[in-house]
Amino acid sequence: MSALPKVAVVILNWNGKYFLEKFLPSVFNSTYPNIEFIIGDNGSTDDSVQYVTDNFPMFKILRNTENLGFAGGYNEILKRVDADYYILLNSDVEVSEGWIEPVIAQMEKDPLLVACQPKIQAFHTKGEFEHAGAAGGFIDYYGFPFCRGRILDKLEKDNGQYNDAIEVFWATGAALFIKASAWNEAEGFDADFFAHFEEIDLCWRLKKMGYKVGYCPNSLVYHVGGGTLKTSNPHKTYLNFRNNLVMMQKNLPVGLGIWKIFLRLWWDLFALIKFMVDGKFADAWAVSRGHQYFFMNFFKNARKRKSYSAVENKKGNYKKSIIWDYYMNKIHKFSQLKDKNFHS
């Protein structure tokens, strides 16, 4: 055991007794030997903590006094965790047998590979990729994220077409493996994001430090996730549009950032109009509120920009617009995208 790096599986919980009852048994059955199980409670008001105490006493419980969101919650919890690797695991994830070993082995082979994700399938439709992560995350010219196995709302069946271990742009926060040293060097998530895009922002900062982010096809987990929800969620819309703009401001070079954000605002306007045409007025207002936040906090977020001495790793950047490709070129599968349009 001592020869293996220590791994801490950290599940952030907020009133999530239902998911803990359903998925903790699969997590507890993980076969990796040098492991610690932690529930990071984000100020829950239900009896989920008591449930864990009664049924899984081997899980260590660390508490936040209030709900700090996904980003702030993990930041505070991980300050109290001692391990070589953190696995940030959503409470709505079922893991498969031997899911940890191949990812750690892949990361141990390359000292620059500091973050990685397993293959993510949908829990309710196993055999189909899941929205939040699929087979690894990418980003287009205008800051829109997409995945191998998922472009916008189109999910692919997993037929083994993405069974190669590759470098990607971002790894999902639903099951994020990250070296503790890299987490600390990057200073964790941006707590102001609260939820959504915090893992992409973190991965972008790691790549600006010259590190790599990877995908491991030999590890499989099943995510319930918000991607399966078909109903409108204006608060999620607000966070997505708001945080995406802040992420671009923080991580792009100033001149390029001004240009890309200007163009991105026009793309967002099209989205706002589409929401209105579809009768989703709350979502349209959420886009507007996201833009208001961006401009009102422009100088605050500008101060978060950092320069790094390393050469930025641009692997996983798509040089074109995934929105244009999706709607105009009818590209709905990652395999239809041309390699020459990605940064090498």
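The values are calculated or read from the model by the stated rules, or taken from the named source; none is laboratory data. Every value quoted in this text rests on a predicted model; they were computed, and no experiment measured them. Backbone-built Cβ (ideal geometry, glycine too); neighbour counts: all protein chains shown.
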**Message:** Pairs please, first residue from the stretch 26-54 and not assigned by TED's automatic domain parsing to the domain that holds residue 12 and modelled with pLDDT of 95 or more, second anywhere and surrounded by 13 or more Cβ atoms within 10 Å (Cβ to Cβ) and assigned to a strand (DSSP E or B), Cβ atoms under 8 Å, 6+ apart in sequence or on different chains.
**Reply:** none
**Prompt:** Given the residues 264, 242, 289, 303, which is the only one that is of a type outside the set (A, V, I, L, M), at pLDDT 95 or above and crowded, with 20+ Cβ neighbours inside 10 Å?
**Reply:** 242
**Request:** Answer yes or no as to whether residue 156 is surrounded by fewer than 22 Cβ atoms within 10 Å (Cβ to Cβ), of a type in the set (D, E, K, R) and without any contact (Cβ under 8 Å) to a residue 24 or more places away in the chain.
**Result:** no
**Request:** State yes or no: is residue 174 under 18 Å from residue 72 (Cβ atoms), under 12 Å from the mean Cα position of the chain (by Cα) and either of a type outside the set (D, E, K, R) or buried (at least 19 other Cβ atoms within 10 Å of the Cβ) (or both)?
**Result:** yes
**Prompt:** Looking at the stretch 229-283, which of its residues are without any contact (Cβ under 8 Å) to a residue 40 or more places away in the chain, over 23 Å from residue 203 (Cβ atoms) and charged (D, E, K, R)?
**Reply:** 230, 274, 278
**Request:** Name the single residue, out of those in the stretch 92-121 being within 14 Å of residue 225 (Cα to Cα) and surrounded by fewer than 22 Cβ atoms within 10 Å (Cβ to Cβ), that is nearest to the chain's Cα centre (by Cα).
**Result:** 92
**Message:** Contact list please: Cβ distance under 8 Å, first residue in the stretch 179-194 and in contact (Cβ under 8 Å) with a residue 40 or more places away in the chain and within 21 Å of residue 241 (Cα to Cα), second residue in a helix (DSSP H, G or I) and β-branched (Val, Ile, Thr), pairs at least six apart or on different chains.
**Reply:** 190/246; 192/246; 193/246
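Condition first: touching a Lys or Arg at 6+ places or on another chain (Cβ under 8 Å), surrounded by fewer than 24 Cβ atoms within 10 Å (Cβ to Cβ) and acidic (Asp, Glu). Can you find one or more residues in the stretch 178-186 that meet it?
Filtering the stretch 178-186 for residues touching a Lys or Arg at 6+ places or on another chain (Cβ under 8 Å) gives 186.
Still in the running and surrounded by fewer than 24 Cβ atoms within 10 Å (Cβ to Cβ): 186.
Adding the requirement that they be acidic (Asp, Glu) leaves none.
Within the stretch 178-186 (the criterion being touching a Lys or Arg at 6+ places or on another chain (Cβ under 8 Å), surrounded by fewer than 24 Cβ atoms within 10 Å (Cβ to Cβ) and acidic (Asp, Glu)), the answer is no, since none of the residues qualifies.
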**Prompt:** So which residues in the stretch 61-82 are part of a loop (DSSP other than H, G, I, E, B), in contact (Cβ under 8 Å) with a residue 24 or more places away in the chain and closer than 16 Å to residue 48 by Cβ, if there are any at all?
**Reply:** 66, 67
